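The values are calculated or read from the model by the stated rules, or taken from the named source; none is laboratory data. Since the structure is predicted, the reported quantities are computational estimates derived from the model, not experimental observations. No Cβ is skipped: glycine too gets one built from the backbone with ideal geometry, and neighbour counts run over all protein chains shown.
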Amino acid sequence: MFSRITSFVVVLALVVAGFWGYREHREKQALLVKAENQYQRAFHTLSDNMNLLQDELGKSLAVNSKLQATNSLTEVWRLSAQARSDVGELPLSLMPFNNTMNFLNDVSNFSYQVAVHNEGNKPLTDDQWNTLNQMYTRSKNLEKQLSALQSAVISKNLRWMDAELALAQTDKKTDNVIVDGFKSMEKQVKSEKPLTFGPTVTGLRTRNATDENKLTGNPVDADGAAQAAANFLGLPNTQGVVAQKNGSGTPYSSYSVTAKLPQDGQVYLTVTAKGGHITNYMDNRAVGDPRIDLDQAGTKALAYLKSKGITGNTIIRTDQYDNVGVFEIVPSTNGVLIYPERTTVKVALDTGSVVGLVAQDYAFNQSPNRRIPAAKLTEAQARKFVSPKVSIQETNRAIIQDELNREQFCYEFVGIMDNDTYKIYISAVDGKEVGVEKLKM
Amino acid sequence: MRKKWRLLAAAVTVATAMACVAIEPNLERSGANTYQSAFTTRTLVKGSTGTDVRELQGRLKYIGYYKGKIDGAFGWGTYWAVRNFQYKFGMKIDGKVGPATRTKLVAASRGYNPYAQGRAAASKHTASVSSTPTASYGGRNVSANDMKLISNAVYGESRGEPYVGQVAIAAVILNRLENPNFPHNIPGIIFQPGAFTAVADGQIWLSPNATAKKAVNDAMRGWDPSSGAIYYFNPATATSKWIWSRPQIKRIGRHIFCR
């Protein structure tokens, strides 16, 4: 009697568990298929885009008129950006693919410069044609490999989920067709000689690179970096100041320095290896309720820069969060704002002491006897290049860096259109538009 | 029985109506009598936030100088309104609201009463400033929602790490923006498959704490304790051999930062 009930219950439980397990399994399968399809979509789109990309590169080589080349090159620009974005949706972040990504980025930058920013609507020069031709050949090779891989994926039912698993277990030797396919593509791009570009594209590439030759002073060792930090912080000696050389991966060689301030505790600095300049300073002490306002804090920030021997007298941006005020400051010499020599100062609003400094731009770009070129345009002439729909509120003269990292002498027009504020930079030398910024906050 | 109820209902209605009539003008009057300006003694400049900025915007709007939202954040719109006001009233045009401008403005906007105008926005109880304003990083504007995504990622990836370590992780995400190997937008970087463990295991959806948000704010304004890193990993748990081959920069807390 008893055993009968028990066995009935057991059987029922088994049936229920089995049914539940089956349903779980089906749901999991459905999710896996969904995830797989996302990867498949990105992969096949990538292949499509590479195919179109080399078509358009070919077309731009075939025509000689500027107008048609521009049409194709604009397509090249769009498709190469799209291809990069497709790669970003694939689980390739755990394997080296940077050479291929760099290649796509170069294609994108080059086509943008030639098609969109071409000065004077000239047809392609011989150099440009050659670069384009190399890009065409290389992208053709890439495309060939990619479409071979694509056929394999379709005919052999290869799954990206397996590729992802294979990539995650790098301790074992993998023989996943997808992974190997992408690895061989990367290998091929890596083996090719770097493309040669004119100065404009090279400039785009090195936009955020920092050129150590621009730093003043002699190389310092760890003791020198500690001494520079101690001097900066106003400490009597380097006791408790620890400087550690950063590894080789940094954009410029530098030391990470920690020090203890008597009242604030641990502070962190970055000191350049050449010249011992402070580029980054952080003091993370707890900040109490604000007792001074942003206006007073701004004055403190300017006084601080002066006390550290850093030039900077014009606040160009102010904002506030968590009881600190943050000020972006540039020097203004003879009424010209020098944006490349920008510093950022953080002031604690409780005591008004400075708890942070970013001076990387300043360290790399400051030059005490900077020459301001003569303006060839008057303010009124430059103003004509700004849309009449913008009501201009303020005009300054400024030196800014354009997108190729070149310094340009400009008129800065600050104006309102539709309740939004814009900063428009018109070159004072040739009247070209150097940049537009929409200001938020 | 039924009649009784009806009578009661009528009585209640009449009473309520009377109360309303009696109270309403009273409310308005008391509002007008007791409304004091929410200005404080501090000088307001572009970048200031708070109840006094609401007051400033409310008053400028009342007299037609300001057309934007009353959000308690002194932005460019407020700045131009203040300058216009200073210009029209023959004052020094500096866009700052110090004692002189404040006094002039209170005098010029006599009759301004946020309660009478039914503008709940000016209530002292909702004085806190609305959402974080957008910020800009390297000349590009980053939306408030993208900043929230970064805070989520920072919190999911590095809660329990020292504060500098958290700023460093926010900086790594921002350093990727300009790097050719990564997508050129914040969501693309954060949701790139396999890029962040916190995204893969769902920890990114934990609500970030104030520290993580502060770390993102610092990184957005240029503080980079990672010294330009674009990768980091936890040596105790990293499974990828490839990540060890990247040139290393430094170690902060449990993470090694590399290029």
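Some notes on this structure:
- Flag for B:N175 being within 11 Å of chain A (Cβ to nearest Cβ), part of a helix (DSSP H, G or I), of a type outside the set (A, V, I, L, M) and in contact with a strand residue (DSSP E or B) (Cβ under 6 Å, 6 or more places away or on another chain): no
- Single residue of segment A:302-349 satisfying the filter (within 14 Å of chain B (Cβ to nearest Cβ) and of a type in the set (G, A, S)) that is surrounded by the most Cβ atoms within 10 Å (Cβ to Cβ): A:G325
- Complete set of residues in segment A:365-388 that are surrounded by 11 or more Cβ atoms within 10 Å (Cβ to Cβ), out of contact with any Phe, Trp or Tyr (no Cβ under 8 Å at 6 or more places or on another chain) and not in a loop (DSSP other than H, G, I, E, B): A:N365, A:Q381
- Filtering segment A:377-395 to residues that are within 14 Å of another protein chain (Cβ to nearest Cβ), polar (S, T, N, Q) and either in contact (Cβ under 8 Å) with a residue 40 or more places away in the chain or out of contact with any helix residue (DSSP H, G or I) (no Cβ under 9 Å at 6 or more places or on another chain) (or both) leaves only A:S391.
- A:L31 vs. criteria more than 14 Å from chain B (Cβ to nearest Cβ), of a type in the set (A, V, I, L, M, F, W, C) and assigned to a helix (DSSP H, G or I): no
Residues are listed down the side, and each one gets a yes or a no for (1) basic (K, R); (2) in a loop (DSSP other than H, G, I, E, B); (3) under 17 Å from B:V164 (Cβ atoms):
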| residue | (1), (2), (3) |
| --- | --- |
| A:A225 | no, no, no |
| A:Q244 | no, no, yes |
| A:T250 | no, yes, yes |
| A:Y255 | no, no, yes |
| A:T258 | no, no, yes |
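- Qualifying residue in segment A:208-215 (condition: part of a loop (DSSP other than H, G, I, E, B) and touching a Leu at 6+ places or on another chain (Cβ under 9 Å)): no
- Listing of strands (runs of 3 or more DSSP E) fully contained in segment B:195-259 that carry 2 or more residues being closer than 18 Å to A:L167 by Cα, of a type outside the set (K, R) and more than 8 Å from every other protein chain (Cβ to nearest Cβ): B:231-233
- Among (1) buried (at least 16 other Cβ atoms within 10 Å of the Cβ); (2) of a type outside the set (G, A, S); (3) more than 29 Å from B:T211 (Cβ to Cβ), the one test that A:P236 misses: (1)
- Restricting attention to segment A:425-439, the residues that are buried (at least 17 other Cβ atoms within 10 Å of the Cβ) and either under 10 Å from A:A382 (Cβ atoms) or touching a His at 6+ places or on another chain (Cβ under 6 Å) (or both) add up to 4.
- Within segment A:86-106, the set of residues being in contact with a Gly (Cβ under 7 Å, 6 or more places away or on another chain) and either more than 7 Å from chain B (Cβ to nearest Cβ) or among the hydroxyl-bearing types (S, T, Y) (or both) comprises just one member, A:S93.
- Filter pass, A:S353 being at pLDDT 90 or above and away from chain B (no Cβ under 14 Å): yes
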